[in-house]
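This report refers to the structure that appears directly beneath it.
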Amino acid sequence: MSRVVMVIGLVIAYIGWLLYHLLIKKDLKKNLNNVYLGLFFIVI
């Protein structure tokens with residue numbers, strides 16, 4: 001059960017980071033490598 005909670009927490013943290021860079025800092029295109037890396041680990 002704790003692994004499921006940990007995965008959900010990390011996905012929520014990633015979505016928060018993504019929204020922060022998309023809406024507040026507006027520099028998501030500078031961080032595309034980080035976006036792709038995060039999506040790679042979420043998919044796996």
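The values are calculated or read from the model by the stated rules, or taken from the named source; none is laboratory data. Small disclaimer: the values here were computed from a predicted structure and weren't measured. Cβ placement follows ideal geometry from the backbone for every residue including glycine, while neighbour counts extend to all protein chains displayed. Surface areas here come from the heavy atoms of the whole protein model, side chains and all, with no ligands, DNA or RNA. Shrake-Rupley method; radii C 1.70, N 1.55, O 1.52, S 1.80 Å.
Average accessible surface for the chain: 91 Å² per residue, computed with a 1.4 Å probe over protein heavy atoms with every protein chain in place. Shape of the chain from the C-alpha gyration tensor: oblate (a/c of 1.5 or more and a/b not above b/c, with a ≥ b ≥ c the square roots of its eigenvalues). Modelled label positions at V35 and M1, each set 7 Å beyond Cα in the direction of Cβ, lie 3.7 nm from each other. Within the accessible surface of the chain, defined with a 1.4 Å probe on protein heavy atoms only, the carbon and sulfur portion equals 74 percent. Note on the chain: helix-only mean residue ellipticity at 222 nm, from DSSP H runs of 4+ residues weighted -39500 (n - 2.57) and normalised by residue number, equals -22500 deg cm²/dmol.
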